Amino acid sequence: MKVSVFHLSIPFLTDPPSDWTEQWAVQLYVKVEEWGERGWGETLVAGSGIIGAYSSVITELIKPFLEGDTVSSPYELESLLEKIMFSAGNCGVVTGAISSVEMAIWGLRAKKMGVPLADLFGGRSRGSVKVYGSFPRFSRIEDVLRVTEAVRERGLNFIKLHQPPSTVLETIKAIREKYREMKVAVDLNSPFDLNGAKEFVNKVSRYEIEWVEEPLYPPNDYYALEKLTRASPVPIAAGENEYTLHGFRALLESGVSYLQPDIAKIGGVSKFLKVLELASSYHVKVAPHDRPDRSPVSLIYTLNLASARGEIEVVEYPITDFPTDLFPSVPVFKGGYVVPPENVEVREEAIAKYPYTSKVRILHFSDLEGKLIKSWYDNNP
Ligand SMILES: [Mg+2]
C-alpha cells in the first residue's frame, strides 16, 4: 500500500469575512493507493498551524508500517497504531494522525468492492442527513444577523454560534428578537470554571437554545461537568476534545445530552463506530463535530455514517460552499438536509492551487483569559 500526505490551505471565505478566515485554512489529507484504487482521508489539525507534528507521525511511523505490511482490517490497524504509540499519548496529535490514514483505508476498501461507503457502515437507512449551520466567529453582531438571514433564505432553521463568551448573550438576544423560530446552539469552546458556567447556562436558558457546548475548562473535567449537567436548565454538549472510549464513557456518565466525536481527531471510522455503540447504550444522541471549514473530506465519512446509523441526530455543517475544482463530488444541501456523495474523491492536480501557508494561527476562543494569554493573542492576531 502506498501512502502520500498533502498539506493545503483552503481559504475560509464568507461574506462578511469572519475572524477565523486564516485559522480554518489548515488541511492535512492522506491518500492511500493499492491495486490502482485510491482512498482519501483527513486529519483535523488544531488551528495553531502545528501541521508538521501530525504529518511526521504519519510519514515517520504509519507510512513505513503500512508500506511494509498488509493490513487485514482498519479496526485492527487503528488499535495496533494506538498500542504502538501509547506512550506518546492516545489523543491529540497521535489519534489525529491515525484518523486520516484509517478513514482513507475505508474509502479504498469501498472502491475496491465497488460499493458506496455507507454500505460498509450497514447501508443507507435514510436518504438525507439532518445538518445545522455552524457559524465561524464574526466581529460584529450585525454580521451574525446578516449571515443568519442568508442561511435562513437557503432553508436552514438550525444554527450554532461561536461568538466570544463576553458578547454571545447579546448576540442570541438579537437573533431571538428577529427570528423566533430559528434553532440556536451555542459553542463556548471551554472558557469557564464551574461557577462561571452555571451562571452562563442560567442566563442563556431564557432564549430557548438547543445546547451549550463545552462551557467548562478543561473540557474533560468530568467531575465539574457532572455538577453542571445536574444543575443546568439547558442541555450540555461535549466530545470534540475527547479521544478514548473510557473518556467518552466518562462524558456520558457525567450526564451530557449530546456527544460530539470528531472522526478526524479520534482515530477514524473504527473508533467512531465504537463511540456510536457506546452512546446508544446510554441513550444519548450523537451530534458529530466537524470543523465547518471548506474541506469536505472527513465530513463525507461522517455524513455517510449518519446516513446509515440512527444514533446520529444532526451533523455540524459549514455555511460556505466547497471548492468544486478540488472535489468533483460534494455533499448536496437542501433545506437543512444533505445528501453525501458515495465516496471521497480529490482532484490531485488541483491541490497545487491551495498551497499550504505556514504561519502561527491561534483560534482565539475565549476573550476572558488572563493578561498573559491575552497579550499573546494580541501580538499574534
Ligand atoms: Mg465545538
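Each row is one residue, and each column tells you yes or no for (1) in contact with a Ser or Thr (Cβ under 9 Å, 6 or more places away or on another chain); (2) outside the structural domain of residue 333 (by TED's automatic domain parsing).
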| position | (1), (2) |
| --- | --- |
| 58 | yes, yes |
| 72 | no, yes |
| 84 | no, yes |
| 137 | yes, no |
Hey, residue 216 touching a residue at least 12 places away in the same chain (Cβ under 8 Å), surrounded by 17 or more Cβ atoms within 10 Å (Cβ to Cβ) and of a type in the set (A, V, I, L, M, F, W, C) or not: yes
For the subset of the range 263-293 comprising residues that are open to solvent by 10 Å² or more (accessible area, probe 1.4 Å) and among the hydrophobic types (A, V, I, L, M, F, W, C), which member is farthest from the ligand (Cβ to nearest atom)? 273
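Give 154, 140, 176, 124 a once-over and let me know the one that is away from the ligand (no atom under 16 Å from the Cβ), open to solvent by 20 Å² or more (accessible area, probe 1.4 Å) and in contact with a Gly (Cβ under 9 Å, 6 or more places away or on another chain).
Numbers: 140 fails: in contact with a Gly (Cβ under 9 Å, 6 or more places away or on another chain); 176 fails: in contact with a Gly (Cβ under 9 Å, 6 or more places away or on another chain); 124 fails: in contact with a Gly (Cβ under 9 Å, 6 or more places away or on another chain).
Checking each option against the conditions leaves just 154.
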Would you confirm whether or not the range 93-103 contains a residue that is on the phi > 0 side of the Ramachandran plot, modelled with pLDDT of 95 or more and surrounded by fewer than 24 Cβ atoms within 10 Å (Cβ to Cβ)? no
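Collect the residues in the range 128-137 that are part of a loop (DSSP other than H, G, I, E, B) and more than 16 Å from the ligand (Cβ to nearest atom), keeping them in residue-number order.
If we filter the range 128-137 for residues that are part of a loop (DSSP other than H, G, I, E, B), which is where we start, we get 128, 135-137.
Hit for the range 128-137 is 128, nothing else.
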With criteria (1) farther than 24 Å from residue 124 by Cβ; (2) within 14 Å of the ligand (Cβ to nearest atom), residue 230 comes up short on (2)
Taking residue 209 and the conditions (1) among the hydrophobic types (A, V, I, L, M, F, W, C); (2) buried (at least 22 other Cβ atoms within 10 Å of the Cβ); (3) within 16 Å of the ligand (Cβ to nearest atom), which numbered condition does it fall short on, given that it satisfies the others? (2)
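Within the range 29-48, can one find any residue that is open to solvent by less than 30 Å² (accessible area, probe 1.4 Å) and at pLDDT below 95?
Quick first cut of the range 29-48, residues open to solvent by less than 30 Å² (accessible area, probe 1.4 Å) only: 29-32, 39-45, 47.
When the remaining residues are screened for being at pLDDT below 95, the result is 47.
Checked the range 29-48: at least one residue is open to solvent by less than 30 Å² (accessible area, probe 1.4 Å) and at pLDDT below 95.
Could you tell me how many of the residues in the range 185-197 are within 23 Å of residue 287 (Cα to Cα) and more than 14 Å from the ligand (Cβ to nearest atom)? So that I can check it myself, show each step before the final result.
Residues of the range 185-197 within 23 Å of residue 287 (Cα to Cα): 185-192, 197.
Now restrict to residues that are more than 14 Å from the ligand (Cβ to nearest atom): 192, 197.
Count: 2.
Among 368, 303, 363, which is the only one that is in contact with a strand residue (DSSP E or B) (Cβ under 8 Å, 6 or more places away or on another chain) and open to solvent by 10 Å² or more (accessible area, probe 1.4 Å)?
Numbers: 303 fails: open to solvent by 10 Å² or more (accessible area, probe 1.4 Å); 363 fails: in contact with a strand residue (DSSP E or B) (Cβ under 8 Å, 6 or more places away or on another chain).
From the options 368, 303, 363, the qualifying one is 368.
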Residues in the range 171-212 that are in a helix (DSSP H, G or I) and over 26 Å from the mean Cα position of the chain (by Cα) total 10
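Somewhere in the range 356-372, is a residue modelled with pLDDT of 95 or more, among the charged types (D, E, K, R) and more than 18 Å from residue 107 (Cβ to Cβ)? I'd like the intermediate steps shown before the answer.
Residues of the range 356-372 that are modelled with pLDDT of 95 or more, as a first pass: 356.
Those left that are additionally among the charged types (D, E, K, R): none.
No, that holds for no residue.
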Against the condition of a type in the set (S, T, N, Q), in contact (Cβ under 8 Å) with a residue 60 or more places away in the chain and either outside the structural domain of residue 291 (by TED's automatic domain parsing) or within 30 Å of residue 39 (Cα to Cα) (or both), how does residue 166 come out, does it pass? no
Enumeration of residues in the range 314-341 that are away from the ligand (no atom under 16 Å from the Cβ) and of a type in the set (A, V, I, L, M, F, W, C): 322, 326, 327, 330, 332, 333, 338, 339
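So, in the range 157-170, how many residues would count as being within 16 Å of the ligand (Cβ to nearest atom) and within 21 Å of residue 190 (Cα to Cα)?
Taking the range 157-170 as the starting set, the residues that turn out to be within 16 Å of the ligand (Cβ to nearest atom) are 158-165, 168.
Pick out the ones that are also within 21 Å of residue 190 (Cα to Cα) and you get 159-165, 168.
Qualifying residue count for the region: 8.
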Residue under question is residue 297, and the condition is that it be crowded, with 24+ Cβ neighbours inside 10 Å, of a type outside the set (Gly, Ala, Ser) and more than 22 Å from residue 210 (Cβ to Cβ); does it hold? yes
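The values are calculated or read from the model by the stated rules, or taken from the named source; none is laboratory data. Everything numeric in this text was worked out from a predicted model, so none of it was measured. Neighbour counts are summed over all protein chains in view; Cβ atoms, including those assigned to glycine, are modelled from backbone coordinates with ideal geometry. For accessibility, only protein heavy atoms count, side chains too; no ligands or nucleic acids. Shrake-Rupley method; radii C 1.70, N 1.55, O 1.52, S 1.80 Å.
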